[in-house]
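To start, the structure itself, in structure tokens.
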2 protein chains.
Amino acid sequence: MRDVMDILKALGDENRVRIVLALQHGELCVCQLIALLQLAPSTVSRHLSLLRAARLVESRKEGRWSYYRLVDAEKYPLQIELVQRISSALESASRVVMDRKKLEELSRTDMEALCRKIMKKS
Amino acid sequence: MRDVMDILKALGDENRVRIVLALQHGELCVCQLIALLQLAPSTVSRHLSLLRAARLVESRKEGRWSYYRLVDAEKYPLQIELVQRISSALESASRVVMDRKKLEELSRTDMEALCRKIMKKS
DNA sequence: CCTATATTTCGCTATTTAACGAAATATAAG
DNA sequence: CTTATATTTCGTTAAATAGCGAAATATAGG
């Protein structure tokens, strides 16, 4: 039960739901998620570590950057089915639509520049 | 998004998950849920009101008793599909198995007697 | 090696929330 | 009408948690 509750608690926060929905379109770098959510890097990092503990996402390190993606549906069907069901329910929610738009923009932005902009803020 | 988050937050608490799983077997009186969860009546009542706000359960009053049940799957498919998916993931979780056992017992107990026993405690 | 960059960990504060008991409400029974 | 019963609402307290900034860690580049 603990495992399942960890998943449900992880999905009980709006910003974490925004993260997993964003990752449905493919893996993202932490700095892209920071730019999307407009939260402090440490806050986003904490959200990601909770999502990872719940086996909703996994990460890979490439050079200075960490990339996060949803876990494999074959290995973690519960997690992915929940995400998909939530995603379809939120398809036209304004916040989610805005996030999709912003993500497109971000994917066109050079990542070096993006990260630098975020670091300046602090 | 608010509506969906209300559902996910409601499902992010172990005791509330236990309630909705219990209600899968049919409607239950508040005093039965109190006996199941072993929590104060006011606490159970608060959980139920959160579940109702999220449209996961609905209630009906009959005399002195309030009966709660899951909402209709046709009207609230998201809620019911989530409950079903969670239920299947928790099918063999020890706590859930114990709850099922206890519920059988409770369904055989006279409800007047059950309620009285609970009231004595406070 | 030294500096800049990207992310994570840690310590703290503010907010949320689960839990309880007491009081309020509603209904049934005498 | 009064009392007992079942549930809900309210006020309070304790615990959990989201958020931030500072410090720590890790990697890339000069």
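The values are calculated or read from the model by the stated rules, or taken from the named source; none is laboratory data. Here the structure is a predicted model, which is why all the values come from computation and not from measurement. A quick note on method: Cβ atoms are made from the backbone with ideal geometry, for glycine too, and the neighbour counts reach across all protein chains shown. The protein model used for the area step is the full one, side chains on, heavy atoms only, and it has no ligands, DNA or RNA in it. Shrake-Rupley method; radii C 1.70, N 1.55, O 1.52, S 1.80 Å.
In this model, which of A:LYS75/A:LYS120; A:LYS117/B:LYS9; B:LYS75/B:LYS102; B:LYS75/B:LYS117 are farther than 32 Å apart at the alpha-carbon?
On the way: A:LYS75/A:LYS120 39 Å; A:LYS117/B:LYS9 34 Å; B:LYS75/B:LYS102 30 Å; B:LYS75/B:LYS117 37 Å.
From A:LYS75/A:LYS120; A:LYS117/B:LYS9; B:LYS75/B:LYS102; B:LYS75/B:LYS117, over 32 Å: A:LYS75/A:LYS120; A:LYS117/B:LYS9; B:LYS75/B:LYS117.
Find out how many positive minus negative residues lie around A:ARG95, taking Lys and Arg as positive, Asp and Glu as negative, among other residues whose Cβ is under 9 Å from that of A:ARG95. Could the numbers behind the result be given before it?
Values: positive: A:ARG18; negative: A:GLU14, A:ASP99.
Net local charge, A:ARG95 excluded: -1.
In the range B:1-86, which chymotrypsin sites (Phe, Trp or Tyr not before Pro) are in a loop and have at most 14 other Cβ atoms within 10 Å, using DSSP for the loop call? Present the calculation step by step, with values, prior to reporting the outcome.
Numbers: sites: B:TRP65, B:TYR67, B:TYR68; in loops: none.
Here no chymotrypsin sites (Phe, Trp or Tyr not before Pro) fit, given the DSSP loop and packing criteria.
Given the rotation that superposes chain B on chain A, what residue of B brings its beta carbon nearest the axis, and what is the distance in Å?
Per the Cβ-to-axis criterion, the result reads B:GLY12, 2.
Can you tell me the length gained on complete extension of the stretch B:LYS102 to B:GLN84, counting 0.36 nm per residue apart and subtracting the Cα distance?
Numbers: separation 18, 0.36 × 18 = 6.48 nm, distance 2.05 nm.
Value of the extension gain: 4.4 nm.
To the nearest 20 Debye, how big is the dipole of chain A about its Cα centre, given +1 on the beta carbon of each Lys and Arg and -1 on that of each Asp and Glu?
On the way: 22 positive and 16 negative charges, 98 e Å.
For this selection, approximately 480 debye.
With unit charges on the beta carbons (Lys and Arg positive, Asp and Glu negative) and the dipole taken about the Cα centre of the protein assembly as shown, which residue among A:SER42, A:CYS29, B:VAL20 sits farthest to the positive side?
It is A:SER42.
Please report, in debye to the nearest 20, how large the charge dipole of the protein assembly as shown is about its Cα centre when each Lys and Arg carries +1 at its beta carbon and each Asp and Glu carries -1 there.
On the way: 44 positive and 32 negative charges, 179 e Å.
In total the dipole reaches around 860 debye.
Taking the Cβ of A:SER107 as the center, what net charge do the other residues with Cβ under 13 Å away carry, scoring Lys and Arg +1 and Asp and Glu -1? All intermediate terms of the calculation are to be shown ahead of the outcome.
On the way: positive: A:ARG100, A:LYS101, A:LYS102, A:ARG108; negative: A:GLU27, A:ASP99, A:GLU104, A:GLU105, A:ASP110.
So the surrounding residues net to -1.
If you roll a 1.4 Å probe over the heavy atoms of the protein chains, what accessible area per residue do you get for the protein assembly as shown, in Å²? Intermediate values should be presented prior to the final figure.
Values: 13560 Å² over 244 residues.
I get 56 Å² per residue for this part.
Kindly compute the accessible surface that chains B and A hide from a 1.4 Å probe when together, both sides summed, and give it to the nearest 100 Å². Walk me through the intermediate numbers first.
Details: alone 7690 and 7710 Å², together 13560 Å².
Approximately 1800 Å² gets buried when B meets A.
Loop only per DSSP, at most 13 neighbouring Cβ atoms within 10 Å: give me the GluC sites (Glu not before Pro) in the range B:34-122, ordered by residue number. Write out the running numbers ahead of the final one.
Values: sites: B:GLU58, B:GLU62, B:GLU74, B:GLU81, B:GLU91, B:GLU104, B:GLU105, B:GLU112; in loops: B:GLU74, B:GLU91.
For GluC sites (Glu not before Pro) across the range B:34-122 that sit outside H, G, I, E and B with at most 13 neighbouring Cβ atoms in 10 Å, the list reads B:GLU74, B:GLU91.
What is the gain in length, in nm to one decimal, between A:THR43 and A:SER59 on full extension, counting 0.36 nm per residue of separation less the C-alpha to C-alpha distance?
Length gained, A:THR43 through A:SER59: 4.1 nm.
At a threshold of 8 angstrom on Cα-Cα distance, excluding pairs fewer than six apart, so keeping six or more, what relative contact order does chain A reach in percent? Present the calculation step by step, with values, prior to reporting the outcome.
Numbers: 105 pairs, mean separation 35.4, N = 122.
Rounded, it is 29 percent for chain A.
Average projected area of the Cα convex hull of the protein assembly as shown, in nm²? Display every interim value, and only then the final one.
Values: hull surface 61.9 nm².
The Cα convex hull of the protein assembly as shown, projected and averaged over all directions, gives 15.5 nm².
Could you tell me the calculated FRET efficiency between A:GLN24 and B:GLU14, based on Cβ-Cβ distance and R0 = 30 angstrom, to the nearest 0.05? Spell out each step's value before the answer.
Values: r = 27 Å, r/R0 = 0.91.
Computed FRET efficiency for A:GLN24 and B:GLU14 comes out at 0.65.
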